[in-house]
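Comments concern the structure below.
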Amino acid sequence: SLLLLMLWTRRVLGAGAALLAGALLALDPAFFFLSCFDWGAVVPGLLCRMAGFYLAVLWWQRDQRLPAFFAAVFFGLGLFNKIDFSVLLGAAALAAVLCYPQAFYKRLGDRPGVFGLAALGFVLAASPIIVKLPQVLDYALSGAAPTGPSELKEKFNTMLAMYDGSYFYRLMNVGGRFDKMYDLPSAVWTPFG
């Protein structure tokens, strides 16, 4: 994931930015801990995310079919990393359409077959989760999920703890108990939002 981030950044912003991005990510405690202690599908999700974005940039710059297809395959596989991957993917697609509408629609009009091939790759890779999606949604919305009605509060606290850098400290401080990690204030403080 780190290498793919650096390769993507080099293609988009140059070698200097790639080295800086690599150093910042490698030294980020959240990335370090996730790389050592993978809870769930986090590390494969990061790999699929960066592989997809790197291949999407290759497709955009070279206008070849295979990078578009395999970018979509990695994005489809990344859906196994739950909703956060879907939100990121949707936001990136929306940003591309809103920020570069002429270039996007010109590419779509010039090469509609590439978009069809990419859609096929995405659907093939994501098909197991797409088939299970109605069951997953029914379970999540039924109230039978173990997180219950406090899930939104937990997600908000998790987002804040990831941004202030205290997430893994909090989790380790309470012995890995997710249900107790927000009971006490964090001993970590940062001036950054």
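The table below gives the values:
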| item | result |
| --- | --- |
| Flag if K132 is modelled with pLDDT of 80 or more and more than 15 Å from F75 (Cβ to Cβ) | yes |
| Only listed residue being in contact with a helix residue (DSSP H, G or I) (Cβ under 9 Å, 6 or more places away or on another chain) and at pLDDT 85 or above, chosen from L108, L94, L88, L120 | L120 |
| Qualifying residue in segment 58-69 (condition: within 16 Å of A93 (Cβ to Cβ), open to solvent by less than 30 Å² (accessible area, probe 1.4 Å) and assigned to a helix (DSSP H, G or I)) | yes |
| Residue that is under 30 Å from L171 (Cα atoms), more than 13 Å from the chain's Cα centre (by Cα) and buried (at least 18 other Cβ atoms within 10 Å of the Cβ), where the choices are L89, L4 | L4 |
| Residue count for segment 55-71, restricted to those that are more than 20 Å from L120 (Cβ to Cβ) and touching a helix residue (DSSP H, G or I) at 6+ places or on another chain (Cβ under 6 Å) | 1 |
| Test: C36 is closer than 26 Å to G165 by Cα and open to solvent by 50 Å² or more (accessible area, probe 1.4 Å) | yes |
| Filter result (of a type in the set (F, W, Y), part of a helix (DSSP H, G or I) and without any contact (Cβ under 8 Å) to a residue 60 or more places away in the chain) within segment 23-52 | F31, F32 |
| Residue among L55, L20 that alone is open to solvent by less than 50 Å² (accessible area, probe 1.4 Å) and either assigned to a helix (DSSP H, G or I) or under 30 Å from F178 (Cα atoms) (or both) | L55 |
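The rows are residues; the columns are (1) within 30 Å of Q64 (Cα to Cα); (2) open to solvent by 90 Å² or more (accessible area, probe 1.4 Å); (3) in contact with a Phe, Trp or Tyr (Cβ under 7 Å, 6 or more places away or on another chain); (4) at pLDDT below 80.
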| site | (1), (2), (3), (4) |
| --- | --- |
| P128 | yes, no, no, no |
| D138 | no, yes, no, yes |
| P149 | no, yes, no, yes |
| D164 | no, no, no, yes |
| Y169 | no, yes, no, yes |
| P185 | no, yes, no, yes |
| F192 | no, yes, no, yes |
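The values are calculated or read from the model by the stated rules, or taken from the named source; none is laboratory data. On a predicted model such as this, the values are computed, not experimentally measured, just so you know. Heads up, the Cβs are rebuilt from the backbone with ideal geometry, glycines too, and the neighbour counts pull from every protein chain shown. Side chains are part of the model used for accessible areas, which takes the heavy atoms of the whole protein and leaves out ligands, DNA and RNA. Shrake-Rupley method; radii C 1.70, N 1.55, O 1.52, S 1.80 Å.
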